[in-house]
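The values are calculated or read from the model by the stated rules, or taken from the named source; none is laboratory data. This one's a predicted model, so the numbers in the text were calculated from it and none came from an experiment. Glycine gets a Cβ as well: all are built from the backbone with ideal geometry, and neighbour counts include every protein chain shown.
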Amino acid sequence: MEDFLDRKFKILYVEDDEDDFLILKSLIEKSGLRCSITHCLNIDDLSGSINISDFDIIIFDYLVGMINSTDYYLENKKLLENTPCLLLTGIGNEDIDKDALQMGFSDYLIKSELTPDLIKRSLLYSFASMYRKAYLTSLFQALPDMRMLISEEGVIIDWEIPTSWKQDGVLLLKSLGIKNIKLEPGHKLFADLIKMIRDEADYIKEHYTFSSQSVFEIIRKRFKGNHLFIIRDVTEVSMIEKQNQINSQMGSLLVLASGMAHEVNNPLTIAKLSLRLLKRKKQYNEQYVEDAEKSLDRIAALVKELSQYSKSCSSTKVEEKFNLINAIEMAKGLTFGETKHVVFISTDYYDENVFVFGNQDKLAQTFINLIMNATQALKYKEIERNKIEIMVTKEATTVIIKLSDNGCGIKPENMVNIFHTFFTTKGPQDGTGLGLSLS
């Protein structure tokens, strides 16, 4: 947008007294403002021969003939909403002043008190206010979401909501109330917005669950000393992402189940053989019993790990303190059926008890995806030549996890895409492109 100080204003002055028009015209010329002034003697002309949209500012005399300009303004507010309007009167009246500003007039001036500097300040202020509103409106119109402009003090200056929003969106709007209300921390949403306002970051994005069925994304940007909030209904997107995550996890589960079947079959064969030998000899043999017990314990451990992982596919567990090493070892155990004939995974932990805060199941899922990807990228037929290393170190209060392999690597042109949903360089039978994006 061009700088409004450099432009030439077009002013319409609605005044039935020719002398008052000439006086105001002279004051504006002395102010140094670049502008053209059109005189309108009859207020009815605003609905006929004069096109309001041709002017940057309209100045109304309080009484034009027998018509009160404030009455006309109220009746034609929709027509005048994009043009700043000033009100002039010959007699100062505090009630008229207050009423005019509440109606929407940008300023109220008394004719006998006018000076070139005062009229210049009022005109510039009026146009600057409309300029900012037009700029903000154009910004709002570019975004198909609910927008709110909130001051540093937590006052909702303005907001706008799309008509396409669902009922929950309307309920959210009702909970916000009207313009120029102060956010109260007693309301959960208001408390969250206040917290975002107090955050010093220039840009914040968070998710807010308005009801059990609806999810909203809240974005806060600093805007000319205030805070522009964009509240977007992401319920459908959230449901799709959640379903994609479940599909990816279930896909991994099927791969792991296939490998697990082989792992179960080996100890199961040993257990069955030991029992057959006991039955054939018809006498107690401690070695056969011990072999059978160890095999059954191995099967029980495998089933337990698989059960824990399958539960994590639909887990809604909140973040909690857990041992990071347990999550890594769980991932190693669950992928062993796929990795044992390909690579030996080496680990280097600075401690066997590394407690962190988060979701253990989801982190284990991330490790599983990384181990499976690394295994599929290894190129040597000899198991001893392939390498996957997992290292856990600590720097100050930060825990660092490093997983490396000596596989084929990632081509430089693919690096920017590896976290994009459905991006994969594998064949359709080997990958969906969801693992890393969801991890």
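Things worth noting here:
- Among the residues of the range 372-394, the ones that are modelled with pLDDT of 90 or more and either in a helix (DSSP H, G or I) or of a type in the set (A, V, I, L, M) (or both) come to 4 in all.
- Residue match in the range 32-45 (condition: surrounded by fewer than 19 Cβ atoms within 10 Å (Cβ to Cβ) and under 41 Å from the mean Cα position of the chain (by Cα)): no
- Criterion violated by Asp97 - all others in (1) closer than 22 Å to Leu118 by Cα; (2) assigned to a loop (DSSP other than H, G, I, E, B); (3) free of Cβ contacts under 8 Å to residues at least 12 places away in the same chain satisfied: (2)
- Ile57 being surrounded by 12 or more Cβ atoms within 10 Å (Cβ to Cβ) and under 11 Å from Glu15 (Cβ atoms): no
- The one condition from (1) out of contact with any Ser or Thr (no Cβ under 9 Å at 6 or more places or on another chain); (2) farther than 29 Å from Val264 by Cα; (3) of a type in the set (Ser, Thr, Tyr) that Tyr380 does not meet is (2).
- Scanning the range 100-112 for residues that are crowded, with 18+ Cβ neighbours inside 10 Å, among the small types (Gly, Ala, Ser), farther than 22 Å from Lys8 by Cα and within 43 Å of the chain's Cα centre (by Cα) turns up at least one hit.
- The C-beta contact set for the range 284-307 (first residue closer than 16 Å to Gly337 by Cα and β-branched (Val, Ile, Thr), second residue assigned to a helix (DSSP H, G or I) and at pLDDT below 80, distance under 8 angstrom, 6+ apart or interchain) comprises Ile299/Val264; Ile299/Pro267; Val303/Val264.
- For the range 411-428, the count of residues that are touching a Phe, Trp or Tyr at 6+ places or on another chain (Cβ under 9 Å) and modelled with pLDDT under 85 is at least one.
- Candidate set from the range 363-417 (those that are more than 19 Å from Ala331 (Cα to Cα) and of a type in the set (Ser, Thr, Tyr)); member that is surrounded by the most Cβ atoms within 10 Å (Cβ to Cβ): Tyr380
- Taking residues in the range 62-86 that are closer than 12 Å to Val14 by Cα, and partners anywhere that are loosely packed, with under 12 Cβ neighbours inside 10 Å, the pairs with Cβ atoms closer than 9 Å and at least 6 places apart or on different chains are Tyr62/Ile91.
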